[in-house]
1. Put simply, what bits of the stretch B:329-359 lose 40 Å² or more of accessible area when the other protein chains are there, versus the chain on its own (1.4 Å probe)?
2. If you stretched the chain out fully between B:R580 and B:E639, how much longer would it get, using 0.36 nm times the residue separation minus the C-alpha to C-alpha distance?
3. Work out the FRET efficiency for B:K647 and B:R265 from their Cβ-Cβ distance, taking R0 = 51 Å, and round it to the nearest 0.05.
4. Find how much the distance from B:S450 to B:K348 grows on full extension, using 0.36 nm per residue of separation minus their present alpha carbon separation; answer in nm with one decimal.
5. Place the peptides B:327-335, B:309-317, B:124-132, B:7-15 in order of packing, highest mean first, counting for every residue the other Cβ atoms within 10 Å and averaging per peptide.
6. With a 1.4 Å probe on protein heavy atoms only, work out how much accessible surface A and B bury together, total over both chains, in Å² to the nearest 100.
7. Report, in deg cm²/dmol and to the nearest 500, the calculated mean residue ellipticity at 222 nm for chain A, where each DSSP H run with n ≥ 4 adds -39500 (n - 2.57) and the sum is divided by the residue count.
8. Out of every Cα-Cα pair in the stretch B:237-366, what percent are more than 24 Å apart?
Amino acid sequence: MIQIAEKSDAASAGAKESDRIVRVRVLRQDAPGQESYWERHAVPYEPTMNVISILQRIAAMAQSQDGRHVAPVAWDCNCLEEVCGSCTMLVNGRTRMACTALVDKLLEENPEEIELKPMSKFPVVRDLVVDRQRVFRALERVKAWVPVDGSYDHGSGPRISPDEQEEAYPLSTCMSCGCCLEACPQYTKSEVVQRDDESAEDFDKRRKAAFDRGFIGAHAISQAMLFNSHPTGKMIADERLKAITSQGGIQMCGNAQNCVAVCPKHIPLTRSIARAGRAATVWAIKKLFDR
Amino acid sequence: MAQPRVLVIGGGLAGLSATMRLAELGIHVDLVSLVPVKRSHSVCAQGGINSVNALTRQEGDSEWKHFDDTVYGGDFLQHQPPVKEMTDWGPRIIDLMDRLGVPFNRTPEGYRDQRRFGGTLYKRTSFAGSTTGQQLLYALDEQVRRFEVDGKVKKWEFWDFLQPVLDESGRCRGAVCQDLVTMQFRAFPADAVILATGGCGLVYGRSTMSMVCTGSAISRAYQSGAWYGNGEFIQVHPTAIPGADKLRLMSESARGEGGRVWVPRTPHDPRDPRDIPEAERSYFLEERYPKYGNLVPRDIATREIFDICTTDGLSVEKDQLCVYLDLTHLSREMLDRKLGGILEIYEKFQGVDPRVVPMKIFPAVHYSMGGLWVDYQKSGAGGLEPGSPRNQQTNIPSLYAIGECDYQYHGANRLGANSLLSCIFSGLFCAPGVVASANGGGKTAAEESSRLFDTAMRRQEERHEALLARRAGDENPYALHQELGTLMTRTATVVRRNEQLAAAYGEVCTLEDRWQRCALSDTGNWTNQNVVFTKALGDMFPIAKLILKGALQRDECRGAHYKPSTAMPGIAATEPGEQRREAEQWCDRFEMNTRRWLKSTIAKHGSDGHTQISYEDIDTSLLPPRPRLYGLVGGDVIEEVWKERQKKADAIHAQAITSGGLSP
Amino acid sequence: MAVAAVSPKSILPLACGFDFIAARCSFSRLAAVLCSRHVAVDRIDPSTITRLFVSESESNPSFVTRNQFLIYRLFSLSGLVPVGAFLVVHLLTNASVLAGPGAFQSRVDLIHSLGPLLVPIEWVFIFLPMLFHATVGFAIIAGGLPNVGSYPYAGNVRYTLQRATGMIVFAFIIWHLIQLHWMGAALGGGQFDPHHASSSAAVALQPAIVGILYAVGIVSAVFHLSNGLWTLGITWGLWTSPAAMRRASWVSIVVGVLLGGVGLGALVGMRNVNVEDAKVIEDRMEGVKRMLEGQPAAGSPAAGVRAAPQPISNPSPAASTTGVSTTGI
Ligand SMILES: Cc1cc2nc3c(=O)[nH]c(=O)nc-3n(C[C@H](O)[C@H](O)[C@H](O)COP(=O)(O)OP(=O)(O)OC[C@H]3O[C@@H](n4cnc5c(N)ncnc54)[C@H](O)[C@@H]3O)c2cc1C
Ligand code: SF4
Ligand code: SF4
Ligand code: FES
């Protein structure tokens, strides 16, 4: 979000280290619909650097490797401890959180340079910033909430066994980062552009409709399962099953299982998907006979 | 008449809980946030949330004791009625969050499990794994999304709050905000505006806080005339992991499980820590506090670690201040079982296994107790009057502040796991009062003349254009921010000295002047993070100044504010009579100090750009102030003397009542 | 063919190439609707597409979009029954040649005893389901964006191989039908003759290139089925936990290896048939059959002296009646 250039106290640690340069290649794009282009940067190496600190240094220098004056690279971040879900990008071609992408490890993979690209399944806003509205829209679709009466006092919630808690907690750590969607071969980009004669409301409606035609994604299926297993949440279980069996629902999953491999929170997504598949099977059969 | 609308700025725990309650009360809410609300800083809180519970109650705990712990921990610097109301609400809030689906850890029988946190004897802290803040925030985010689907809430994510809009009478009628993507400005007419924008850690450069915790929003309100309370009270956490981009929290539990803090006796010993023999290590906490060892209270640990690095020059690294926090003597199996989560964080960010190599840690700025001054209305029961429009209202009518950005609940020092409670409480509790205020009669903000908003918009547009147009400047905003952070960290954190504070105030003024010459490296008008940051930086200076000035003027030690020149050392004497005499003196001095300094600092933004400090008396009607003696040498003697004095005072008080001289 | 035993590395070049092909597949419209692929919603011109697939307005979704879940589940099911089941029967039948041409011939005869019912049965239970499976399958392939290059995980390699083998098998089946049943003779290939099952097949499979193509086809089909079995279990929720999935993947590996053995065994067995000996046996069986049916042995008074099957100079009437039967082995 906002970049802070803070040279570490350790910045000048050791003569040998301060000479080292980290080469970075960033795929930039000035605005939606514009051509993207590569830009190279060279940043002095510091111990315990991560990709975020690289981007902070780039912002502070505002200069490309060949000394050209350039605008700082735009990117998203907030917590810097892999819990807010802001900083997803493609680091060396793979989707991950930039804040836990340690430079030392990346250089082990490829000592030549570090490559940064925006996520490919979401429309680029600028440089490494993408528009992930669709991720949140999917949560609306599956009604990812407990339908309580309200915030007035009704005593404590239902009793829940430690086993149930241990099952629910990991699912509940999903930070809507979108890694699972980026890596999913079944999830494809949906980019809707506002028309000149279109009001913000109409555009919003049209865009949501377009999102809803696309694959809902592993994260939302997992959230549906989370709330369908909560004692109060399950009161609207059928509505969630309806959502995940409508267009773009669970049937779109091709079981590539990339989602679970890239999820920074190690959420057992494929387990959720399979449980959702089972629930959908039962529900669909029941519906068939209840008609 | 048009329906009243409320504008909430900030979607952390405080902003979301207020939004939820307002929507429930039928008010249309516009919710503005710099980041998608689900990504707010509240997700970082790990430890838990405090409240009395069925279990502690049976051990003698009560709302009152929670209240007492909070006030005592905060060194009595907070008005007591709001704190009492908050602790009274604690159990209800946990119940509510439980119903909303927060996966709190469970006992084998299926009840909520609790752990113990600092500053109390009871297991009051409910927790959900090691990400309680995240879980609480998500539960509220989900409820707000539900209202959003129903059309009762409209989110404006990636929007920056720029200024409140005030009418001629000084009442807040809305705000001007800017879209961070298109860079467009928009005026939001609103019948009440609630600020829930969190802390201001970035004034210190790096802290344990998130990147949007610039304090820009509160600074903008402050510069528009809102008062700022207790700014100088900044909590510094003793153990954080230094990082090039952020200082990440290392939980206290590492020491709780047997972690030892040490430095090599030779400054910057280049050897691998594992090769340094015991004799050449200084376990300075254990040496100086044989009784408490590594588990001395937070502020003391912080001060000692800070001192050994700065004053004694024994930092592990030459270019970076840090000490070792050593777990390598503990069994791997135990570490994995009890500390797995937090050790993973260290490993993830440092790339080093703390089970094998001692961790390097250093104190870091963590929380701002101070914030916008807010009002309250006391109830007959000593708590707050529900539904009063005064609750949480700043000195600007119809402008409210809640959560970490108000000054109300934590006094001079916040207890662990109390902040999440205060955020949710202030959000939920203020809502009915805000509704009352919004319905307050007269024309609604939507019917207000557009001139009011146009003027404010134009002002912001001009500021923006002027920034973009600045070309000749030779200052780099990121470098300036770094300078500000270093300066503030050096002078206004753990140990404060008047000459340093005074000099720092001057230096911040210079930095502010230099900021005027900042050149932007991006002058475009699309997702320009450069200009947004530069603006936020400009707004950090007023906050930095009020912190420094408040600290400079407060000549005492209280909570997180520590001035060696005013410290009240413990008792030196060993002979009982002498001890007693010293204790009497100590108590005299304490009483004098209380009379002089038990006051909130109120900072106002002067028209000349300087901070004006005044003081406000504190409502201590429920609990008389008493000395905070954690870890003080001779504390037991002082306590004895103090109790005798209290008894005497109570007797006089009681006599006065029976003789009808005083009302209770 | 082992399902998970394929090392991801060895498969990478193939899989990456597949990325390229699939990304450029031009099923886009059908796929866009069926697979919810919206690379550029704005740019889709509804006028060029049939009503069936258009779902531009929320209030009036098309048949396909309304029933996407159902279609995909039927797709999944059809892969197992009848298509998968047919593959198993087909390969087992063919493998019976290992027990001698007579064993194989008697199974072929059993199938052909269905007489005129054979063709409609083939269409309803084999071709149509297969075509349905293939159509939806191609739409799915066109809607996906394989990415093993970036994410070379075993699961992803399998996902990509599933699509690659699907396309290979589709092409193979068409060629298989043409080569062996429809116009093999015209193309200089071998024409399958249900009365001389082993001998005619052996002749048709004799060229080395044909043998290789069959091996590829069989291995692909077996992989597609056994891996499909595993994903089907997830899709329908039969195995949900990672441990259960691991167990299930062993099961499907075993199924795949066994079935692959059967299939390749059949191929090898077929090619190793001694054409002359087989013919003798087949003709004798043909004679017995006719006798049982009360007909004279065709064309010749004595069994065992029928003309050689290649080239077929004098196709028997029986052969021409079942000539359209293509799956009847
Ligand atoms: C590492 C860490 C661990 C902690 N652990 C605990 C714990 O265990 N227990 C506990 O009780 N407390 C803990 N705390 C403290 C607690 O997390 C915070 O005090 C609390 O989350 C603050 O919540 P909030 O709602 O006030 O603000 P935040 O969650 O900070 O939200 C601020 C909101 O305001 C928005 N905003 C800010 N500026 C602007 C602007 N200019 N324009 C528009 N929007 C703006 C942001 O986008 C965000 O949505 C911890 C803090 C840290 C740093
Ligand atoms: S398992 Fe499904 S959701 Fe996950 S990556 Fe594969 S196709 Fe996508
Ligand atoms: S499931 Fe995992 S990868 Fe997907 S959005 Fe949630 S945290 Fe990110
Ligand atoms: S910045 Fe929050 S996840 Fe990386």
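1. The answer is B:K348, B:F349.
2. 20.2 nm
3. Numbers: r = 49 Å, r/R0 = 0.96.
Rounded to the nearest 0.05, the efficiency is 0.55.
4. 31.5 nm
5. B:7-15, B:124-132, B:309-317, B:327-335
6. Values: alone 16050 and 26630 Å², together 35740 Å².
Chain pair A/B: roughly 6900 Å² of buried accessible area.
7. On the way: 11 runs with 108 residues, N = 291.
It lands at -11000 deg cm²/dmol.
8. 21 percent
The values are calculated or read from the model by the stated rules, or taken from the named source; none is laboratory data. Owing to the predicted nature of the structure, the values given are computational and were not obtained by experimental measurement. In this analysis, Cβ positions are derived from the backbone assuming ideal geometry, glycine residues included, and neighbour counts consider all displayed protein chains. Side chains are part of the model used for accessible areas, which takes the heavy atoms of the whole protein and leaves out ligands, DNA and RNA. Shrake-Rupley method; radii C 1.70, N 1.55, O 1.52, S 1.80 Å.
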